[in-house]
Amino acid sequence: MSILVTGAAGFIGARVCQVLLEQGAHVIGVDNLNNYYNTDLKKERISTLSSSRYFDLKEVDIESVDLSDLFKLEEQREITGILHFAAQAGVRHSLDAPIDFINTNVKGHIAILEFARKLANLKHLVYASSSSVYGRNAALPFRESDRVDRPGSVYAASKRAAELMSDCYQHLYGLPQTGLRFFTVYGPWGRPDMAYFKFARAIMRGETLTLYEGRELARDFTYIDDVADAVLKVLAAPPSSDQQRLLNVGNNSPESVSYLVTLLEKHLGRNASVSVMPRPVADVETTWASIDAIENLAGWRPRITLDEGIGRFSEWFSRSKYV
Ligand SMILES: NC(=O)c1ccc[n+]([C@@H]2O[C@H](COP(=O)([O-])OP(=O)(O)OC[C@H]3O[C@@H](n4cnc5c(N)ncnc54)[C@H](O)[C@@H]3O)[C@@H](O)[C@H]2O)c1
């Protein structure tokens, strides 16, 4: 039995791979180690995983390679689960490089669906979607039944497009899938392009960090280990019908971005210098996940508060070479 994980060198993919290996699974990682952010971080994550003999990495680009060509038929028969995390992430970056988002998040997603539908023993494909699909919705908390046809960025639109492609493959080929809408995932080994990471860096370097205007600017920050736990609980519970299944994975407890800065100051032991700017149009004001659906389906609830999680992140970050 093997689990194929795309985006294995990424923040979420690497942590999920690590937990899978601890549980005794054979894991095949797929990643092109692109340079959207510091590749040292991706290589370090992979080198930790590679210390297990049950981990293999295929360093390929999912948009341009037919994954079927990389595996012998016997190896394909071993694959029982796919966790598809490879993506071009970053809401604001999608204003600068929109085509990259369509290439990886739509074309790359279809390539994974095409590979998956031909696997004889695949039980479940779980793929990463995003809270950003809720776009310009005002009603909180965000529920899976909400309308999601008003994206606020190309990133959000590409993630919604992937959900629709998946729905189509579920209907056409009976491919059992679940899409997980992640809400602002943070923690050790996190992504340097995300706000908490940039804030921590500015605080440590004594630089001024930028906060955006708005009393309600808040995020449903979700700790990486809670997210990995959600992914693996859902992987073990494939859908039995061809109904599209989408689940929020969030903390169900939005916190203001200014409170995030206060916690970073506390755990890094330094004060922040802050400047306030108007909020960019692609950023939504508040995110807040309803998690009733995943709780009912998989018995999952997040455990780590923002205070604990930022404590763990700060401990890792202040000792890392990424300060
Ligand atoms: N981190 C979050 O807060 C968050 C929130 C919502 C959704 N998501 C989604 O979760 C998934 C994982 O996010 P992450 O934070 O770990 O991001 P990440 O950028 O750290 O990981 C993505 C990985 O995919 C790889 N990749 C990108 N394009 C590829 C391609 N064409 N072929 C092969 N590999 C490729 C990258 O090299 C990277 O290692 C993504 O789909 C992202 O959109 C993340």
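The values are calculated or read from the model by the stated rules, or taken from the named source; none is laboratory data. From a predicted model like this one, the values you see are computed outputs, not experimental measurements. Neighbour counts are summed over all protein chains in view; Cβ atoms, including those assigned to glycine, are modelled from backbone coordinates with ideal geometry. When the accessible area is computed, the model is the full protein with side chains, heavy atoms only, and any ligands, DNA or RNA have been set aside. Shrake-Rupley method; radii C 1.70, N 1.55, O 1.52, S 1.80 Å.
From (1) farther than 27 Å from residue 293 by Cβ; (2) in contact (Cβ under 8 Å) with a residue 60 or more places away in the chain, pick out the condition that doesn't hold for residue 152.
The failed condition is (1).
Report whether or not residue 59 is more than 11 Å from the ligand (Cβ to nearest atom), at pLDDT 95 or above and open to solvent by 70 Å² or more (accessible area, probe 1.4 Å).
No, not satisfied.
In region 107-115, is there at least one residue being open to solvent by 70 Å² or more (accessible area, probe 1.4 Å) and at pLDDT 95 or above?
Among the residues of region 107-115, at least one is open to solvent by 70 Å² or more (accessible area, probe 1.4 Å) and at pLDDT 95 or above, which makes the answer yes.
Would you be able to tell me the number of residues in region 62-76 that are open to solvent by 60 Å² or more (accessible area, probe 1.4 Å) and within 19 Å of residue 7 (Cβ to Cβ)?
So the count comes out to 2.
Which one of 79, 102 is more than 8 Å from the ligand (Cβ to nearest atom) and surrounded by 20 or more Cβ atoms within 10 Å (Cβ to Cβ)?
79
How many residues does region 130-186 contain that are farther than 27 Å from residue 257 by Cβ, part of a helix (DSSP H, G or I) and open to solvent by 10 Å² or more (accessible area, probe 1.4 Å)?
Residues that pass the stated criteria total 9.
Among the residues that make up region 257-268, is at least one of them among the acidic types (Asp, Glu) and over 21 Å from residue 315 (Cβ atoms)?
no
Can we say residue 41 is surrounded by 22 or more Cβ atoms within 10 Å (Cβ to Cβ) and not charged (D, E, K, R)?
Criteria not met by residue 41.
List the number of the failed condition for residue 32; all other conditions in (1) free of Cβ contacts under 8 Å to residues at least 60 places away in the same chain; (2) more than 8 Å from the ligand (Cβ to nearest atom) hold.
Against the list (1) free of Cβ contacts under 8 Å to residues at least 60 places away in the same chain; (2) more than 8 Å from the ligand (Cβ to nearest atom), residue 32 comes up short only on (2).
Which one is nearest to the ligand (Cβ to nearest atom) among residues in region 82-97 that are open to solvent by 50 Å² or more (accessible area, probe 1.4 Å) and not aliphatic (A, V, I, L, M)?
Per the stated criteria, the residue is 93.
Just give me the residues in region 190-204 being of a type in the set (A, V, I, L, M, F, W, C), open to solvent by 20 Å² or more (accessible area, probe 1.4 Å) and out of contact with any Leu (no Cβ under 7 Å at 6 or more places or on another chain), in sequence order.
Once the filter is applied, which keeps residues that are of a type in the set (A, V, I, L, M, F, W, C), open to solvent by 20 Å² or more (accessible area, probe 1.4 Å) and out of contact with any Leu (no Cβ under 7 Å at 6 or more places or on another chain), region 190-204 yields 194, 195.
For region 166-212, which residues satisfy the criterion of being of a type in the set (A, V, I, L, M, F, W, C) and within 13 Å of the ligand (Cβ to nearest atom)?
Selection gives 180, 182, 183, 185, 189, 194, 195, 197.
Which of the residues spanning region 295-316 are out of contact with any helix residue (DSSP H, G or I) (no Cβ under 8 Å at 6 or more places or on another chain) and of a type in the set (S, T, N, Q)?
Those that are out of contact with any helix residue (DSSP H, G or I) (no Cβ under 8 Å at 6 or more places or on another chain) and of a type in the set (S, T, N, Q): 296, 305.
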